[in-house]
1. Please state which of the following conditions G234 fails to meet, knowing it meets all the rest: (1) in a loop (DSSP other than H, G, I, E, B); (2) more than 16 Å from the ligand (Cβ to nearest atom).
2. Considering only the range 331-373, state which residues are among the aromatic types (F, W, Y) and either within 12 Å of the ligand (Cβ to nearest atom) or part of a helix (DSSP H, G or I) (or both).
3. Among the residues of the range 149-171, is any over 21 Å from H128 (Cβ atoms) and either among the basic types (K, R) or touching a Pro at 6+ places or on another chain (Cβ under 9 Å) (or both)?
4. In this structure, does G454 turn out to be outside the structural domain of L239 (by TED's automatic domain parsing) and crowded, with 16+ Cβ neighbours inside 10 Å?
5. Could you count how many residues in the range 382-419 are touching a residue at least 60 places away in the same chain (Cβ under 8 Å), under 18 Å from V314 (Cα atoms) and among the hydrophobic types (A, V, I, L, M, F, W, C)?
6. Identify, from the list T430, T353, T441, T422, the residue that is under 22 Å from P312 (Cα atoms) and β-branched (V, I, T).
7. State the number of residues belonging to the range 295-311 that are more than 13 Å from the ligand (Cβ to nearest atom), of a type in the set (A, V, I, L, M) and not in a loop (DSSP other than H, G, I, E, B).
8. Among the numbered conditions (1) within 16 Å of the ligand (Cβ to nearest atom); (2) under 28 Å from D235 (Cα atoms), tell me where P414 comes up short.
Amino acid sequence: MTNISEPAWFPLALRLDNVRVLVVGGGMIAANKVRLLLAHRARVQVIAARLDDEMRRWEEEGTITHIATSADATTLRDAMPGCRLVYAATDDREINRAAASIAHEMNIPVCAVDDPLPSSFITPAQIHRGLVRIAISTGGAAPVLARRLREQVESAIPEGTGELALFMQAQREYVGRVCPDIVRRRRVWETFLDGAGAQAARQGETARARAILDDIIAGTTARGEVWLVGAGPGDPDLLTLRALHMMQNADSVLYDQLLSPALLDRVRRDAELVFVGKRRNRHTMPQEEINAELVRRAQAGQRVLRLKGGDPFVFGRGGEEIEALMDAAIPFQVVPGITAANGCAAYAGIPLTHRDCAQACMFVTGHARADGTLHLPWDSMARPGQTVVIYMGVSALPALCAQLMDHGLPPDWPAAIVERGTRADQRVLTGTLGTLVQQATGAGIGSPALIIVGEVVLHRVVSPA
Ligand code: SAH
């Protein structure tokens with residue numbers, strides 16, 4: 001319950017362009033406020049005994065006016081008339097309070113910085129994205145909390161939100177004209193915001209955004225789309241902000257076995273989850289069927305999220321799925337993810353390149369053909385001066401190690417295997433081409449696991465506990 005003696009802070013958006021604002025103080029506290037005021041095109045006048053560097057620079061450039069050096073009562077009374085706001089921003093609370101009481105007398109809103117009691121307004125933590133302004137206030141009670149909340153809100157706002165607001169502003173009059181009914185107009189905008197149109201506007205593709213908006217107004221839409229999104233190697237903290245945003249907006253999600261439950265937990269509650277995973281030699285759903293399912297759902301108007309482990313374009317058959325979508329003229333977006341090589345290397349502490357021993361890094365698939373054979377560029381893999389990362393190589397590990405040695409790498413050539421990389425139960429084994437098979441068998445290493453071959457393994461770093 002609110003304490004009745006607590007001030008009731010009412011958030012407003014105030015116009016400051018070309019308006020006079022008085023700032024008392026010339027140090028860092030004042031500079032922080034002046035920077036904000038200048039960003040809002042206020043005409044800033046300053047009373048301060050001396051100006052710190054940044055303030056002095058503004059004064060020299062003529063951006064602010066230094067009107068007096070003494071904050072005595074007469075000077076303040078003379079300076080305040082005609083000001084829309086007063087900031088009492090010295091590092092001396094008594095001076096600030098004295099300035100505030102004069103402002104109160106003259107009925108001018110005043111903020112004594114970091115001192116809500118004598119203030120008639122406070123400055124919230126802010127997010128600016130073009131026309132969009134978000135202000136967060138704790139009523140001056142906990143500024144650090146306000147800033148933390150601002151970070152959280154900021155990370156939830158997609159890139160390009162400022163552009164989106166500009167586009168909607170530019171189309172507002174037009175939509176109002178062709179869509180006079182207010183309820184229908186709201187539906188149009190909601191549909192627009194949920195779909196590819198908003199995405200186009202965020203990316204500055206205004207012509208495409210306008211075409212989609214017109215489709216929606218004409219009622220010819222219900223066009224779904226497919227988002228091919230990389231979910232990273234397992235740790236949900238490695239999702240991109242974009243992936244998370246899409247997971248929270250999809251109608252249905254097609255995922256495979258690489259996806260950890262912790263990741264799927266982040267999907268919108270009422271989205272339909274469809275498992276289309278493939279296990280080696282045990283196909284749950286053939287690729288052609290997955291392609292057809294994506295097309296079918298998008299044609300039914302759904303926003304379909306095809307969520308893939310790692311990156312969709314690294315051993316993910318993302319290209320094939322896109323081709324099927326293009327053939328059916330379904331709009332799509334591709335969102336990259338952290339691929340297993342990057343995730344496992346970082347979490348295992350093994351660099352992928354190193355100036356002393358690895359000037360290149362190669363990603364290879366160790367997936368054997370149907371007849372059990374491996375067709376790989378052995379000569380270029382079995383070279384010093386590089387790192388070879390092998391995906392899907394657990395079953396073929398004995399053949400992989402043997403071939404690399406047959407093609408010239410010594411048995412004591414460093415090699416590692418990372419099982420369930422980035423997840424809570426990650427395991428890392430380091431050894432050599434000569435020992436890794438036995439180590440992996442002994443430890444019972446299973447899928448998913450990634451093999452890293454090269455001298456970088458010797459540069460493994462482990463953080464102190
Ligand atoms: N598109 C995925 C790779 C799919 S192929 C990506 O970019 O990461 C599947 C192979 O990726 C697995 O057999 C394994 O070698 C590797 N892999 C995926 N996630 C992994 C993890 N968390 N730990 C170790 N290897 C992983």
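1. Here G234 clears every test but (2).
2. Going residue by residue through the range 331-373, those that are among the aromatic types (F, W, Y) are 332, 347, 363.
Those that are among the aromatic types (F, W, Y) and either within 12 Å of the ligand (Cβ to nearest atom) or part of a helix (DSSP H, G or I) (or both): Y347, F363.
3. Of all residues in the range 149-171, those over 21 Å from H128 (Cβ atoms) come to 171.
Right, trim to either among the basic types (K, R) or touching a Pro at 6+ places or on another chain (Cβ under 9 Å) (or both) and you get none.
Within the range 149-171, none of the residues are over 21 Å from H128 (Cβ atoms) and either among the basic types (K, R) or touching a Pro at 6+ places or on another chain (Cβ under 9 Å) (or both).
4. Numbers: outside the structural domain of L239 (by TED's automatic domain parsing): yes; crowded, with 16+ Cβ neighbours inside 10 Å: yes.
Here the answer is yes, as G454 does meet what is asked.
5. Kept after step one, since they are touching a residue at least 60 places away in the same chain (Cβ under 8 Å), are these residues of the range 382-419: 384, 386-392, 395, 416, 418.
Then drop every residue that is not under 18 Å from V314 (Cα atoms), which leaves 387-392, 418.
So of that shortlist, the ones also among the hydrophobic types (A, V, I, L, M, F, W, C) come out as 388-390, 392, 418.
Here the count works out to 5.
6. Values: T430 fails: under 22 Å from P312 (Cα atoms); T353 fails: under 22 Å from P312 (Cα atoms); T441 fails: under 22 Å from P312 (Cα atoms).
Of the residues listed, the single one that is under 22 Å from P312 (Cα atoms) and β-branched (V, I, T) is T422.
7. Within the range 295-311, the first condition is being more than 13 Å from the ligand (Cβ to nearest atom), and the residues that meet it are 295-305.
Those left that are additionally of a type in the set (A, V, I, L, M): 295, 298, 300, 304-305.
Next, from what is left, pick out any that are not in a loop (DSSP other than H, G, I, E, B): 295, 298, 304-305.
The number of residues fulfilling the criteria is 4.
8. Checking P414 against (1) within 16 Å of the ligand (Cβ to nearest atom); (2) under 28 Å from D235 (Cα atoms), the one that fails is (1).
The values are calculated or read from the model by the stated rules, or taken from the named source; none is laboratory data. Keep in mind the model is a prediction, meaning the values are calculated, not measured. Counting neighbours? That spans all protein chains shown, and the Cβs are built from the backbone with ideal geometry, glycine included.
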